[in-house]
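Notes follow once the structure below has been shown.
The values are calculated or read from the model by the stated rules, or taken from the named source; none is laboratory data. Keep in mind that what you see is a predicted model, and the values were worked out from it rather than measured. Every residue, glycine as well, gets a Cβ built from its backbone with ideal geometry; the counts of neighbours run over all protein chains shown. These area figures cover heavy atoms from the full protein model, side chains too; ligands, DNA and RNA do not enter into them. Shrake-Rupley method; radii C 1.70, N 1.55, O 1.52, S 1.80 Å.
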Amino acid sequence: MLNKIRFPIRFKILVALLLVITVVVSIITFTMANLFHTDKSAYIHDLTAEMAMHTASETYAMLTGYQERLQVFTRLMLEKELAADQKTGLLKQLFEDFQEFVAISLYVNGEEMATVYDARSLEAAGLTKDKLVSQRHQRPLPFDRIKDQAIYVANSTLTHRLPTLTLAIPHTAKMDDDSHLVIAAIIRIDGLQRLATRSQVFTTFIVDENGIPLAHTDIQRVIQQTPVEWIFGFAGFGEQQSHGTTLEYNQNDVQMVGGLAQVESSGLMAGVEIPRSTAYLAARQLLNNLIIVALVLLIISVILSMFGSRLITRPLEHLYNATKVVAKGKFDIRLSASSRDEISDLAQSFNQMASGLDSREKALKGAQAALVQSEKMSAFGQLGAGIAHEIKNPLAGILGLTQLSMRKMYHKARFIKICLSSRKKPTAARPLLKIFSNLPARKKSPSSRCKSTASQKMPWPS
């Protein structure tokens, strides 16, 4: 079946060119996409680690600022030379200056010594002092860790109206009885939340040692205290690290790229994450652009190859049609050689062949005409000889009959003469009379009578 299918040479050239161009463009596209993907992977990993480190450093700076302000509150609350009214006025002023602070408590050897509140903030959030105390009893502070100069930070949100964290630090002032003084503050997370919502591409979060977010791009996860579970699979989680780390993981069947960095002097961890599809969006766009460019190149190559194959195959088609004309016996056809290549040489060779065949055809026709003429003359000669022969045969008969008639007439005349000379002896003429009596009678025309009369005057032969 395939042997009966005809594949023009232009299609073979087209397929060959398309195959070569497709392979070349595919190799180039694959190489560029692979290199770009490798470079993009390194860039995304470095970027996530850098963003995590930057967020961790900003978080540390913010916590340091909270600690300094908290020390100011502590000094004021422990100042013994000020009257109660003065302390109350100064504390109100501090709460107005440091609006992030909601409540501050002093603990001596684990026992609550004093607590001050920002009444307006609690009232706006619908909270009371009893709710704060109840939460503190449910989640007591780890005083053993805090007294070792460690910072304790935890999520202490009670309502979505007022997301807060608890910051507890040891007080630097020494007590007279070597008691351990710990100061704890309930602070709004507005500052940390601004860090978490700064990027529009990356999801940023700050979590405590239990993975509970203190700040997150999705504020609901802070309010609901939903842990960031994938960080528990990080080998360096919970360890003090001065550099960021990047890893790839699967979260809810979504490939993610995340970066983590430890917040200095705390158990906090700052991290960023981004879906792999979003991170490599530029790579996909580049790949799509390369595919579009490849398709455009293929279309252009198709057009150029069709045009080029047409330039090659058109003279071949003319040659093919010319061979059909030559096959019919017409040798006066000529091909025009418009190019300077092998096809032009082939066209010139065909023209020479057609010219030679035309000359030979004309010479052959001339020789054939001469042969036909010779055959005609030979036939005319044979015909003339036959006619002459056929004409000659009746003349010989006529001549013989004429001679026989003349002999008869001669003998008749002689007989008459004998008869005339032998009247006295009629018996001698009887045999002759008997012979002539059997001869057929001849009709004599007037001219014959004249001739016979004339012949009578002629002398008879002896």
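Couple of notes before you dig in:
- Amide proton proximity set for THR157, modelled H, under 5 Å, gap of 5+: THR164
- The heavy atoms of ARG314 offer some 110 square angstrom of accessible surface to a 1.4 angstrom probe.
- Computed from the alpha carbon atoms alone, the convex hull of the range 30-109 holds 121 Å³ per residue.
- Scalar couplings 3J(HN,Hα) for the range 183-189, obtained by applying the Karplus form with A = 6.51, B = -1.76, C = 1.60 to θ = phi - 60°, are 10, 10, 9, 9, 10, 4, 9 Hz; x denotes Gly and Pro.
- Rounded to the nearest 20 debye, dipole of the range 333-374 from Cβ charges on Lys, Arg, Asp, Glu: 260
- Cα centroid separation, the range 78-148 to the range 178-208 (Å): 18
- Placing unit charges on the Cβ atoms of the charged side chains and taking the dipole of the range 1-103 about its Cα centre, the candidate lying farthest along the positive direction among LEU19, THR38, VAL102 is LEU19.
- Table column - 3J(HN,Hα) (Hz), the range 345-357, Karplus curve with 6.51, -1.76, 1.60, x for Gly and Pro: 4, 5, 5, 5, 5, 5, 4, 5, 5, 5, 5, x, 5
- Less than 5 angstrom separates the built amide H of GLN255 from those of ARG276, all sequence-distant by 5 or more or on a different chain.
- Accessible surface of LEU401 - all protein chains present, 1.4 Å probe, nearest 10 Å²: 110
- Virtual spin-label span in nm between LYS147 and ARG310, 7 Å along Cα→Cβ: 9.6
- Taking the Cα centre of the range 72-206 as reference, the dipole from Cβ charges on Lys and Arg (+1) and Asp and Glu (-1) amounts to some 560 debye.
- Residue ranking by accessible heavy-atom surface, 1.4 Å probe, largest first, among GLU81, GLU209, GLU58, GLU123 comes out as GLU81, GLU123, GLU209, GLU58.
- For the range 320-377: accessible area per residue (Å², 1.4 Å): 77
- Selection from THR323, GLN373, VAL302, by position along the positive dipole direction of the range 300-373 (Cβ): GLN373
- With θ taken as phi - 60° and the Karplus curve 6.51 cos²θ - 1.76 cosθ + 1.60 applied, the whole-hertz 3J(HN,Hα) list for the range 52-66 is 5, 5, 5, 5, 5, 5, 5, 5, 4, 5, 5, 5, 4, x, 5 Hz, x standing for glycine and proline.
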